[in-house]
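> Input: one structure, supplied below.
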Amino acid sequence: MKTVTILGATGSVGTSTLDLIEREPDRFSVRALTANCDVERLAAAARRTRAELAVVADESCLPALREALRGTDTNVAGGVLAVCDAARSGADLTVGAIVGCAGLQPVMAAVEQGGTVVIANKEPLVSAGELVVDAARRFGATLLPADSEHNAIFQCFDRAQAKHVRRIILTASGGPFRDWSLERMRDVTPQQAVAHPNWTMGAKISVDSATLMNKGLELIEAHYLFFLPSEQIDILIHPQSVIHSLVEFVDGSMLAQLASPDMRIPIAYALAWPERMATPAQRLDLASIARFDFEAPDLQRFPALRLAREALEAGGAAPIVLNAANEVGVASFLAGRIGFADIAAIVERALDESDFGAPTSIAEVLEVDRMTRVRVESAMQAVCQ
Ligand SMILES: NC(=O)c1ccc[n+]([C@@H]2O[C@H](COP(=O)([O-])OP(=O)(O)OC[C@H]3O[C@@H](n4cnc5c(N)ncnc54)[C@H](OP(=O)(O)O)[C@@H]3O)[C@@H](O)[C@H]2O)c1
């Protein structure tokens, strides 16, 4: 029996994780579940799984959570520190499924207790990859990737053979605007941007997929998870989202992982690792898929991917600035304050104006993140006035 804590249990990844572990009650039990403020969904999941602890990051939601779980054995708590306490609650597996850099402190808390941390929440690795990976080494924590591309690489990449890897190739669907002109993309609405052709996901990652910033964040994530430099990580557009990524070896062989686009498959791999577990995901019918298409990404129409690679290669605080500016940009686009193309423009400007030194602690990472958000917000207000 493995005990599991899910950080971000009410989101898309959190819900898929719950779906898997609730199918195997003899194999998994729930230690703690967290959310930001979705009390209804959190309380329902805590009741179903008999979770020991349920936590809302937004403390103002705690009275409602307490009320919703009255009469159960589930303890409740509220606030960011309580989410970090949940992350270090001693579970065998902690699933990082919070969206954004808000997951950084909880992920670090989980890593510092030395267990196994399943990483879906990519932004903490983008902003503080070196610190997270270094802490994992020092505290003996195991990081398992749940992001479908990194999970695919993890399944193909024999670490004992690392020196024989020539490059890894992260595939990208290309998002809903893959073949749209720049002109046409100017009028994109939030509803259009969150309607991903292949995956059902939270709003922020859906917009990131539409701008290709998601692939840029994944490029940086892969750099830290697989210890590879930028030039050994390629991006390939593959609209069917069936080949989730590939590893090329020095002899010219390529290994790939294929599956239907259902996050339960990579999450199940991480939950059951080093074994495997059954999932209800649709099986691939290759004869009916019939063909796979590939193309190189277009960095003119999707500048976010170029910016992410530049930030990775610049190092220091650049990835933090990239991520923080993008989070503000995406939230502003979803709120109808800016246009779709403005997201990458905001990120580029923030990177150009960044004068931060390389951070040496999580506190410094959080300060660069905070300062970038303040700068981006005030620059946006000046333009919108
Ligand atoms: N969705 C996918 O298929 C997928 C695939 C690969 C990687 N990922 C990555 O996984 C992460 C989660 O994505 P998602 O699509 O599952 O997001 P989502 O559906 O928006 O869910 C986000 C979760 O984080 C919680 N949360 C939001 N803000 C928070 C805060 N400030 N403090 C604490 N918790 C907070 C939310 O709680 P409330 O519900 O209360 O707001 C919710 O439980 C992202 O980093 C994403 O890039 C997602």
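> Given a Förster distance of 25 Å, report the FRET efficiency between Trp199 and Asp134 from their Cβ-Cβ distance, rounded to the nearest 0.05.
Using R0 = 25 Å, I get an efficiency of 0.20.
> With helices defined as uninterrupted DSSP H runs, which ones in the chain have an alpha carbon span along their own long axis of at least 30 Å and mean Kyte-Doolittle hydropathy of at least 0.0? Please list the in-between numbers first.
Working: long enough: 362-384 (33 Å, 0.37).
Helices passing the filter in the chain: 362-384.
> Same structure again: Would you mind computing the Rg to Rh ratio of region 75-208 from its alpha-carbon coordinates, Kirkwood style for Rh?
Using Cα coordinates only, the ratio equals 1.04.
> Pull out the extension gain between Ala345 and Asp285, defined as 0.36 nm times the separation in residues minus the alpha carbon to alpha carbon distance; nm, one decimal.
Stretched fully, the Ala345-Asp285 segment lengthens by 17.5 nm.
> Sequence gap at least 6, Cα distance under 8 Å: using those rules, report the relative contact order of the chain to the nearest whole percent.
Relative contact order for the chain comes out at 14 percent.
> Something else about it: List the residues whose amide H sits under 5 Å from the amide H of Thr5, counting only those 5 or more places along or on another chain, with H placed 1.01 Å from N in the peptide plane.
Arg31, Ala32, Leu93, Thr94, Val95
> Something else: Tell me which aspartates and glutamates have Cα within less than 18 Å of Lys2's Cα, excluding those fewer than 8 residues away on the same chain?
Cα-Cα hits under 18 Å: Asp19, Glu22, Glu24, Asp26, Glu52, Asp92, Glu275.
> Next up: Residue by residue through region 187-195, which ³J(HN,Hα) values in whole Hz follow from phi under the Karplus form 6.51 cos²θ - 1.76 cosθ + 1.60 (θ = phi - 60°), with glycine and proline marked x?
9, 4, 9, x, 4, 5, 6, 8, 8
> Do the sum for the chain: with -39,500 (n - 2.57) for every DSSP H run of n ≥ 4, divided by all residues, what is the mean residue ellipticity at 222 nm, to the nearest 500 deg cm²/dmol?
-14500 deg cm²/dmol
> Continuing with this model, one more query. Under a plain spin-label model, where a point goes 7 Å from the Cα along Cα-to-Cβ, how far apart in nm are Asp298 and Glu231?
2.9
> Report the FRET efficiency, 1/(1 + (r/R0)^6), for Ser253 and Asp26, where r is their Cβ-Cβ distance and R0 is 41 Å, rounded to 0.05.
0.55
> If you count only protein heavy atoms and use a 1.4 Å probe, how large is the accessible surface of Tyr269, to the nearest 10 Å²?
40
> With each label point set 7 Å from Cα along the Cα-Cβ vector, what nm distance links Leu81 and Ala278?
Computed distance between label sites Leu81 and Ala278 equals 4.6 nm.
> Taking the DSSP beta bridges in the chain as the whole, what percent of them are antiparallel, to the nearest 5? Kindly include the intermediate steps, with their values, before the conclusion.
On the way: 11 of 42 bridges.
In the chain, approximately 25 percent of DSSP beta bridges are antiparallel ones.
> Taking the full set of protein chains and a 1.4 angstrom probe, give the accessible area of Arg66 in square angstrom, rounded to the nearest 10.
120
> Related question: Which lysines have a Cα lying under 20 Å from the Cα of Lys215, excluding residues fewer than 8 positions away in the same chain?
Once the sequence-local lysines are set aside, what remains near Lys215 is Lys122, Lys204.
The values are calculated or read from the model by the stated rules, or taken from the named source; none is laboratory data. Keep in mind it's a predicted model, so treat the numbers as computed, not measured. All Cβ positions, glycine included, derive from the backbone under ideal geometry; neighbour counts span all protein chains shown. Heads up: the accessible areas ignore ligands, DNA and RNA and are worked out on the full protein's heavy atoms, side chains in. Shrake-Rupley method; radii C 1.70, N 1.55, O 1.52, S 1.80 Å.
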